[in-house]
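In what follows, a structure is listed as structure tokens, so that the remarks can point back to it.
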Amino acid sequence: MGSPFFKLLLLYSSGAVLGGPTLEPLNATVLQGSKARFNVSLSESWVSMTWSLKNVLVLTITKQGVVLPHESRFHAENYSSADTHRWEFIIQNVWRNDSGPVSCNIQNLPTLTALLSVQVNGSVNIVGGNLTMAQGHLAVLRCEASGWFPKPTVNWELDGALQNSSNTTSEALNGLYNSTSLLTVRAVNSVPVMCLASVSTLTTPQSNLIYLLVEPQNWTVLIAIVCSIGGLALLVLLILGILFCCKRRNDAKSRYQEEMRRTMPSVSGGVAAPNNLTYVGGGNTPSVTPSEFNDSGYSQTKVSNIFEVINTCELSYIVWC
């Protein structure tokens, strides 16, 4: 059945086309737990009026104005004037199962029919509640809207500003929808975060509020790590320096011993006359005093000078290293 034809059928059944009794509204959408109201108006005289919900008789009104409800949730109010009969049919505390046709049957007149739709608002919860994050890190927030009909619209607000979140999924369970929405936000400052869910009959979206708490970057640990690495590097450099110094010392000592081995044979091999002896003619004795030679004919001055040079080299090496 096409939509225009269905609307025309509703207009006909409500009496708007023929100028007879009228029923308003033809489509009523209300929130579960609230009231649904339907008004019938007619100028003709009538004997009895009945109201049915989903083809089940729920209320009767007599010509004398006596209201006979079949359940306590249903009642009627009389707003008639001198020239027009007007009655309001009220369903209190509507349920999800009340969705369906609402009919008004006036004796000897066409039946008037409207459609009732009932929406359900469920719960909204941001999983985990308040969240504490380190500054600069990404926070992923999860909002769950459970037990809604129809599928709810889920939005996020960050510090009062609406956020775009297309990552929302919904699934139906027992005729109701459960929706999940994710919001990724970078932790910069501490801000309130709100998740909102709504359907068309809610004047104010249902919401849940948490706080995203941001901790400043802790530099103490980073400084401690840098100092530890720097201290370790200095220790390694110190050890390498000691090893290098010891190696240089050992190399110098080896060179010194090698020089000694090359020098000692020329001293201990014996000579006919010391190099510093001079001959003076005329039968005179040499200009060197006897104390400068030992019994073996070696110059004591020469040997002592050699050892002085050795001691001076060794002292200079120790001071340098």
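The values are calculated or read from the model by the stated rules, or taken from the named source; none is laboratory data. Here the structure is a predicted model, which means the values were calculated and not measured. Every residue, glycine among them, receives a Cβ derived from its backbone with ideal geometry; neighbour counts consider all protein chains shown. Each accessible area value is taken on the protein alone, full model and side chains, heavy atoms only, with ligands, DNA and RNA left out. Shrake-Rupley method; radii C 1.70, N 1.55, O 1.52, S 1.80 Å.
For a paramagnetic label modelled at 7 Å from the Cα of THR60 toward its Cβ, which residues of the stretch 91-113 fall within the zone defined by backbone nitrogen distances under 14 Å? The answer is 105-107, whose backbone nitrogens lie closer than 14 Å to the label point. Per residue, the stretch 69-146 exposes 50 Å² of solvent-accessible protein surface, assessed with a 1.4 angstrom probe and all protein chains in place.
At 0.36 nm per residue, and after removing the present C-alpha to C-alpha distance, how many nm does the segment from LYS151 to ILE239 gain when stretched out fully?
Working: separation 88, 0.36 × 88 = 31.68 nm, distance 7.18 nm.
Between LYS151 and ILE239, full extension yields 24.5 nm more.
Exposure check, 1.4 Å probe, all protein chains in place: CYS227 carries approximately 90 Å² of accessible surface.
ILE239 contributes an accessible area of around 90 Å² to the protein surface, as traced by a 1.4 Å probe with all chains present.
Model label sites at THR169 and HIS137, defined 7 Å from Cα along the beta-carbon direction, differ in position by 2.5 nm. Could you tell me the center-to-center distance, by alpha carbons, between the stretch 33-85 and the stretch 135-152 in angstrom? Cα centroid of the stretch 33-85 versus Cα centroid of the stretch 135-152: 44 Å apart. Accessible area per residue for the stretch 166-266 is 72 Å², calculated with a 1.4 Å probe on protein heavy atoms, without ligands, DNA or RNA. Shape call for the stretch 13-155 from the C-alpha gyration tensor, a ≥ b ≥ c root eigenvalues: rounded (a/c under 1.5), prolate (a/b greater than b/c) or oblate? Prolate.
Using heavy-atom solvent-accessible surface (probe 1.4 Å) with all chains present, what is the largest-first order of VAL193, VAL188?
Numbers: VAL193 0, VAL188 75 Å².
Sorted descending by solvent-accessible area, the residues read VAL188, VAL193.
Within the accessible surface of the stretch 72-115, defined with a 1.4 Å probe on protein heavy atoms only, the carbon and sulfur portion equals 47 percent.
By a 1.4 Å probe calculation restricted to protein chains, LEU238 has an accessible surface near 110 Å², given to the nearest 10.
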